[in-house]
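Student: Handing you this structure, nothing more for now.
The values are calculated or read from the model by the stated rules, or taken from the named source; none is laboratory data. These numbers come from a predicted model, not from an experiment. Cβ sites come from the backbone with ideal geometry, for glycine too, and all protein chains shown count toward neighbours. With ligands, DNA and RNA removed, areas are computed over all heavy atoms of the protein, side chains included. Shrake-Rupley method; radii C 1.70, N 1.55, O 1.52, S 1.80 Å.
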Amino acid sequence: CNLTGWWENDLGSKMQVFKVSNDGTFSGEYYTAVSSAKKPIQPSPLTGSQHLDEDGQCTFGFTVNWKKFSDSTAVFVGQCFNGEDGKEILHTSWLLREKVDSEPDDWKATR
């Protein structure tokens, strides 16, 4: 699986991976379709790493810094699968950390 290119999830968010280097590192931009931020959504930078397996069904992870419109950061981990129709499919899980004003509010900062 080559992560280079455009990907879209079932909520309409998109990401573009510019290029995966020989060691598996990559960068790109994430275009979220969902946000609770008060500012308008903007494309956000992402950086990540892909484990390059011979069977092509590799694992990967990346971080998105929403610095252009929010005080939060998200991390995604996943795996690429080769579907029965030959189409590459990404399955991911994510955590989002929002900024809170005090330590007692830490309990509600991660989704």
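Student: Which condition number does Thr32 fail, the rest of (1) modelled with pLDDT of 85 or more; (2) over 15 Å from the mean Cα position of the chain (by Cα); (3) polar (S, T, N, Q) being met?
Tutor: (2)
Student: Moving to a separate point now. Quick check on segment 52-105: of everything there that is open to solvent by less than 70 Å² (accessible area, probe 1.4 Å) and acidic (Asp, Glu), which residue is nearest to Trp7 (Cα to Cα)?
Tutor: The qualifying residue nearest to Trp7 (Cα to Cα) is Glu88.
Student: Right, another one. Mind checking which residues of segment 80-111 are part of a loop (DSSP other than H, G, I, E, B), farther than 18 Å from Glu8 by Cα and over 19 Å from the mean Cα position of the chain (by Cα)?
Tutor: Glu84, Val100, Asp101, Ser102
Student: Go through (1) open to solvent by 30 Å² or more (accessible area, probe 1.4 Å); (2) of a type outside the set (A, V, I, L, M); (3) part of a strand (DSSP E or B) one by one and return the number of the condition Lys39 breaks.
Tutor: Among (1) open to solvent by 30 Å² or more (accessible area, probe 1.4 Å); (2) of a type outside the set (A, V, I, L, M); (3) part of a strand (DSSP E or B), Lys39 violates only (3).
Student: Among the numbered conditions (1) part of a loop (DSSP other than H, G, I, E, B); (2) more than 14 Å from the chain's Cα centre (by Cα), tell me where Gly12 comes up short.
Tutor: Against the list (1) part of a loop (DSSP other than H, G, I, E, B); (2) more than 14 Å from the chain's Cα centre (by Cα), Gly12 comes up short only on (2).
Student: Identify, please: which residue in segment 35-54 is touching a Ser or Thr at 6+ places or on another chain (Cβ under 7 Å) and among the aliphatic types (A, V, I, L, M) and is, among those, modelled with the highest pLDDT?
Tutor: Out of the qualifying residues, it is Leu46.
Student: Here is a follow-up. Taking segment 1-36 as the search range and keeping residues that are surrounded by fewer than 16 Cβ atoms within 10 Å (Cβ to Cβ) and of a type in the set (Val, Ile, Thr), which one is nearest to Lys99 (Cα to Cα)?
Tutor: Top of the filtered list is Val34.
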